[in-house]
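Since every read-out is calculated from the coordinates, none of them should be taken as a lab result. This structure is a prediction, so every number in the text was calculated from the model and none was measured. All Cβ positions, glycine included, derive from the backbone under ideal geometry; neighbour counts span all protein chains shown.
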Amino acid sequence: MSTEKTMHIVQRGLGKRYRQEKIFKLMGLSAILFSLAFLVFLFSSIFLNGYKAFYQTAVSIDIFFDPAVLEVKDPASANYNGLIKESLRNAFPEVKKRKQKKNLYGLVSTSASFHLRDMVLADPGLVGQTKTIWLLADDDVDMLMKSYIDRDLPQADRRMNDLEISWVDKLIAEGRVTSRFNIGFFTNGDSREPESAGIMGAAMGSMYMLAITLALAFPIGIGAAIYLEEFAVKNRLTDIIEVNINNLAAVPSIVFGLLGLAVFLNFFELPRSAPLVGGLVLFLMTLPTIIITGRVALQSVPPSIREAALGIGASKMQAVFHHVLPLAMPGMLTGTIIGMARALGESAPLLMIGMVAFIVDIPTGITDPATALPVQIYLWADSPERAFVERTSAAIMVLLTFLILMNGTAVYLRSKFERRW
Amino acid sequence: MSNLLLVTILLGFVSFGYVYGRKYALAAGKKGGDIHKLHSRPAYHGMLIALWCGLPTLLILFVWQLIEPSIITSMIISSLPDTFSSLTPGPRGLILNDIRNLAQGLHFGSTVDPELLHASDYYLQLQQTGKNIKSASVIVIGIAALLVGFRHFSPGLRARNHVERIVRYFLICCSLIAIFTTIGIILSVLFEAIRFFQKIPLSEFLFGLTWSPQTSIRADQVAASGEFGAIPVFAGTMLISAIAMAVATPIGLLSAIYLSEYASKRMRAVAKPLIEILAGVPTVVYGFFAALVVAPFIRDAGASIGLQVSSESALAAGLIMGIMIIPFIMSISDDVINAVPQSLRDGSYGLGATKSETVKNVIIPAALPGIVGGILLAVSRAIGETMIVVMAAGLSANLTANPLQAVTTVTVQIVTLLVGDQEFDSAKTLAAFALGLLLFIVTLILNILALYIVRTYREEYE
């Protein structure tokens, strides 16, 4: 075959081949764009669902601190709810029917009475006065104000009936409804009432757990990495340890939960739902990751450093602890932070050891019953109220903020201290 | 004396041992005229004394903490009248609980059995004695160890070698923890699973076609005997994992190819970390998103073209799980593709191949073992993934291959069986451990297989 003929064949196929090339390139690009688009979609959908949770509706009501109600033996247990009901009845004198009254009382959050109690306990001089006080609105009012409740729907299909909406409209017209920053979301524990549910309890639980995880995983992970990388002689045992660590890193997290349940709860009889057990389980889960990244960090320190130290008379241990370890530390810290970020976002093993309980109190120690941020998200996601959807998204935003901060620190550490030899 | 105070005192001893041990050694060296007569640097002498004092006392404290409750319990039991010790463990546990509650001042009732009252007094007394003995022994031993440490000192003492040996043992213990974790996992899961298989035969579990883990409290209830055939549960897991892999494999692989072969350096530097964010998003977030956005969307989309789609369809969970796995596959494939030497590409271009032809005919075959290994690891992740399926997949075990129906998975079943109150003698609770054992075995096999493939078929280019 002559060259010309060959060239002809090649030329004839070129168009098709270039088209295929283009299509292939386009497929690759669209794969990347798909992932990025999903990322944007995920984050914006969570933001749009949740940003309103940082604001909350309050209604102002004239409250008469009735001495007849409050001057009792123990002012802390007086009937503050009655005060609110009385004031609401005064504000809407036209409401007479029993059922309607019940709806009327429902405009204000049930937690509002605690607010009044705290006010009176702080300032007993209030008794006998009439004050206009901003009280937390019920979550339904909040949802109406945030226009999640559609006024155009037929009455039976929405959570508030026409009458209730008319009351809210009246309050709005009188300037008695406002939207204010939702501090309670950051300072309260969990609650059955969406308007007073907060993430503080879960955040503290997560913090205690991570503290335990870090306190155990960092020294032990680094110790294991040092031993395996610097001291261990190649034999059957170290081989087993190595394979074992690699496998542990890929064991599903829920299996660690089973381990925690069977060993820590049933065998050692540690308390259920406690951050102590959660921290232990997460420690075992993150340990392989930290060991593996630690070993990589140690490997990246060139042998000349060790040899120089040994050459001027340092012992093996001194060479490692005085010279190699400081140089490998940034890499190890990066690995540890990434491991901690994973532990913070993990929830499956915590379900196994009872950290899914409904816990109102903010934990004050490692053996108090507690839950964790991701588990709180799981719990709220299961709640039917619309207001909890908003709070779930807001809690996700808080969790993601922590994760981004941690990962950002890791990236910063890596770029700042990474040395190429 | 509380444990916290005790540990603080011990730490005080330890730091005293270090500081003064170091000073002592330094002074001894100076007195001898030549500091080089000391075998080790003074700090090592200090460290040795500190370890001498700290290790035994902390060990005693720890062991005491572990065995104290059982000793007290057995002493209480032996102090009770014979009628109690002849009871079966169940009622005996209740009585012991009563005693503990009484001792803590928790009693809700008018009359108290004088025997119990007496026992609870005895309990309190024992606890107090135990505390005293513990504190006294720890403090005395701590001081004694310090004294022995100082007495033991001599300039020729090989303090550094001793310290280094202790550190070395500590490091070995650290690396053994990983082994103990594995043993712990295997034993705990295996132990409960064996108890399960004593109630339900293994063959029924492995080959049964119905999964309805309801066990009755009374014998005459409806659905008195649960059925524990794991096939539908595994089929559901496979279905969701298959959907996930069908999403993740092409997208992850194509992304890796584009990033390593086509993308500019800048685009790579931006796009890769952005996609890897997807791997850092907690799975509970994916689960929430799948249940709140994706599942209703698929259901409505299906309804608009006349398809009956369950609101907990396997499709929604699988899709989102696939997206979660994309960065995993992308990273591994990217590493493997980058490891293919440039000379192979150059050779292919030199023969006139286009980029895509080079990728398809040269790079992918060369990187195939690594990619397959990565995919296997990804499958093991998909099988073990919990939160997405717990939140977005169903609970009822349907044996179906239709992605529009609700199916359940192994992890969902483990969670539903174990969340809440458990009694550790019912087949229902133990079934979770049997499922856990299977999950562990399957993921372990996948991991080992992946490592084996990568190791055996890796091409060495040098």
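Brief remarks follow.
- Charged-residue dipole, Cβ positions (Lys, Arg, Asp, Glu), the protein assembly as shown about Cα centre, Debye nearest 20: 3040 debye
- Of A:A224, A:V168, A:Q11, farthest towards positive along the dipole that unit charges on Lys, Arg, Asp, Glu beta carbons give chain A: A:Q11
- Highest mean packing first, where packing is the average number of other Cβ atoms within 10 Å per residue, the peptides B:30-41, A:151-162 line up as B:30-41, A:151-162.
- Sorting A:84-91, B:286-293, B:91-98 by their mean Cβ neighbour count within 10 Å, with the most densely packed peptide first, gives B:286-293, A:84-91, B:91-98.
- 5 angstrom amide H check on A:Y55, placed H, neighbours 5+ away: A:N182
- Per-residue ³J(HN,Hα) for the stretch A:209-219, Karplus 6.51 cos²θ - 1.76 cosθ + 1.60, θ = phi - 60°, Hz, x for Gly and Pro: 4, 5, 4, 5, 4, 5, 4, 8, 6, 5, x
- Using θ = phi - 60° and Karplus 6.51 cos²θ - 1.76 cosθ + 1.60, couplings along the stretch B:368-373 (whole Hz; Gly, Pro as x): 4, x, x, 5, 4, x
- Options B:G384, A:F92, A:I199, ranked by Cα towards positive dipole end of the protein assembly as shown, top entry (Cβ charges): B:G384
- The fewest-to-most ranking of B:Y122, B:Y258 by surrounding Cβ atoms within 10 Å reads B:Y122, B:Y258.
- Hits among lysines - C-alpha to C-alpha of A:K416 under 21 Å, sequence gap 8 or more where chains match: B:K265, B:K272
- Note on chain B: dipole from Cβ charges, positive end direction compared against B:V372, B:Q405, B:L4; the farthest Cα belongs to B:L4.
- B:V372-A:T409 FRET efficiency (beta carbon distance; Förster radius 30 Å; 0.05 resolution): 0.30
- Remark: for residue pairs A:K73/A:K99; A:K99/A:K170; A:K316/B:K31, the C-alpha separation exceeds 24 Å in A:K73/A:K99; A:K316/B:K31.
- Test item: Cα-centred dipole of the stretch B:3-157, Lys/Arg +1 and Asp/Glu -1 on Cβ, debye: 1300 debye
- Across A:K85/A:K146; A:K5/B:K355; A:K16/B:K360, pairs whose alpha-carbon gap is larger than 22 Å: A:K85/A:K146; A:K5/B:K355
- Counting Cβ atoms of other protein chains within 10 Å of each Cβ in A:96-104 and taking the mean gives 0.
- Residues B:K131 and B:V19, FRET efficiency given R0 of 51 Å [Cβ-Cβ distance, rounded to 0.05]: 0.95
- The phi torsions of the stretch B:187-204, fed into the Karplus equation with coefficients 6.51, -1.76 and 1.60 and a -60° offset, translate into couplings of 5, 5, 6, 5, 4, 5, 5, 5, 4, 5, 6, 6, 8, 10, x, 4, 5, 5 Hz, rounded to whole numbers, with Gly and Pro shown as x.
- Candidate aspartates and glutamates for bridging to B:K428, where Cα separation is under 20 Å - those fewer than 8 sequence places away on the same chain excluded: B:E192, B:E204, B:D220, B:E227
- The listed peptides A:246-254, B:205-213, A:135-143, ordered by packing as a protection proxy, come out as A:135-143, A:246-254, B:205-213 (highest mean of other Cβ atoms within 10 Å first).
- 10 Å Cβ neighbours from other chains, averaged over peptide A:237-246: 4
- Across peptide A:344-351, the mean count of Cβ atoms from other chains lying within 10 Å of each residue's own Cβ comes to 5.
- Computed FRET value (nearest 0.05) for A:E21 with B:T456, which takes r as the C-beta separation and R₀ as 35 Å: 0.55
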